[in-house]
Structures are given as C-alpha cells and as structure tokens.
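Colleague: Once you've had a glance at the structure underneath, I'll fire off some questions.
The values are calculated or read from the model by the stated rules, or taken from the named source; none is laboratory data. A quick note: this is a predicted structure, and the numbers were derived from the prediction, not measured. Every residue, glycine among them, receives a Cβ derived from its backbone with ideal geometry; neighbour counts consider all protein chains shown.
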Amino acid sequence: MTSRSICPVARSGVFSSRFAIRAKSLKLAGMTNRPPVALALDRLHLPYRLFTHPGPIHSLEQAALERAHALARGHLPDQVVRSIVFRVGKDDFVMVLIAGDRQVAWPMLRKHLGQSRLTMATEAEVKAATGYERGAVAPFGLPRPMRILVDNSVFIHAEISLGSGVRGTTVIMQSADLRQALGEVEVSSFGESA
C-alpha cells in the first residue's frame, strides 16, 4: 500500500497533518479540496478511504485490479459499485446502484418504476442531474434530491468502492457504512449477471 494512493479518513472527518501531506500527493485533478462524495461522507461521520488511479481507466476489470493492488488484497469487479442514471420523464431521473459485474435488468426496472418506457440518461443529462461526469457518479453530494434504487448485489461484499465525484478517484468503504449513508432507499433485485 502506498501513501500516494490510499488515504484513510478519520470518523470525525478531521485531517491529521499526516493525511494533509498524503492528500496533497493525490493530485485530485487539480483540486485543493477533497472530492464532493468525500465531503458528503465526512458530514455523515462515516469512514472511507480515497484511491486515485495512476492513469485513465478503460474497464471495470482494470479499476478493480488497480484497487486490489493498492489495497494489497483482492478487490473484485463485483465490489465496484456502478451508479447508473436513467431518465424516467422530462427532467426526472432515477439512479440505480449495482455491482460492477451485473447489468440492469430493464424489464425488472420498468416494472418496479411502473414505467413502460425509460432510457439511460445522456452524458449531458448525467452531468446536469448529478453534477458529476460519467465514471465519477455517486448517490452523495447531488445538487438536488434523486430517487435511488439499490440492487441487492451492492451489499454482498463487506468492502466496496464507488465514484467520488472526480474521475479517476474512488471512495472505498464498508458496504454497511454505505447502507447507513444511503438511509431509506429502495433495495431490491434490479440486475442480472452480465
């Protein structure tokens, strides 16, 4: 584990001087502050770690492998939580959280939402609805409330990773803490094996 890649954050959300040095070395896309999702988790006093990939991410498998290497233990593709935004109406969106190795089952999602028609949000719609670029989306720090649906697969592993609000940087946390942070969301089966 290198200090440049993994940064533990205290439950209190207060930086130690040691962490401040590490945060500086993260080079979070030119940011002087932590990613928006980290700030939201700090407000909830939940523990997490930040991980910055050494370069662009081209696949789910690559992301999991780089995280596993930095953690010095396994991190599988199904531990990477994808946050997928769907348009259900004009300026009306829903986010589905699903384990990385699964696909959203459109018929299940349509049935759950009571919608005969829905589409994945475009890149511009994702940015407008969440404030984040694709690849960095998470259910925290959103500019306005959004309905969040969570596939059961998200909570299978004790440790998961999800978007931080900044491309190339991820939040690694316990799935129990994610569940607590999400509060009252709809958890069901929305996916199928890829």
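Colleague: Please state which of the following conditions Val104 fails to meet, knowing it meets all the rest: (1) over 16 Å from Val187 (Cβ atoms); (2) more than 12 Å from the chain's Cα centre (by Cα); (3) modelled with pLDDT of 85 or more.
Modeller: (1)
Colleague: Filtering region 38-47 down to residues that are out of contact with any helix residue (DSSP H, G or I) (no Cβ under 7 Å at 6 or more places or on another chain) and either surrounded by 14 or more Cβ atoms within 10 Å (Cβ to Cβ) or of a type in the set (A, V, I, L, M) (or both), which residue is farthest from Ala176 (Cα to Cα)?
Modeller: Initial filter on region 38-47 (out of contact with any helix residue (DSSP H, G or I) (no Cβ under 7 Å at 6 or more places or on another chain)): 38-40, 42-43, 45.
From what is left, the residues that are either surrounded by 14 or more Cβ atoms within 10 Å (Cβ to Cβ) or of a type in the set (A, V, I, L, M) (or both) are 38-40, 42.
Details: Ala38: 16, Leu39: 19, Ala40: 16, Asp42: 16 Å.
Result: Leu39.
Colleague: Go through region 50-77 and give me each residue that's in contact (Cβ under 8 Å) with a residue 24 or more places away in the chain, under 27 Å from Leu39 (Cβ atoms) and touching a His at 6+ places or on another chain (Cβ under 8 Å).
Modeller: Listed by number, the residues that qualify are Ala63, Ala64, Arg67.
Colleague: Residues Val81, Val88, Val37: which one is at pLDDT 90 or above and over 19 Å from the mean Cα position of the chain (by Cα)?
Modeller: Values: Val81 fails: over 19 Å from the mean Cα position of the chain (by Cα); Val37 fails: over 19 Å from the mean Cα position of the chain (by Cα).
Every option except Val88 fails the conditions.
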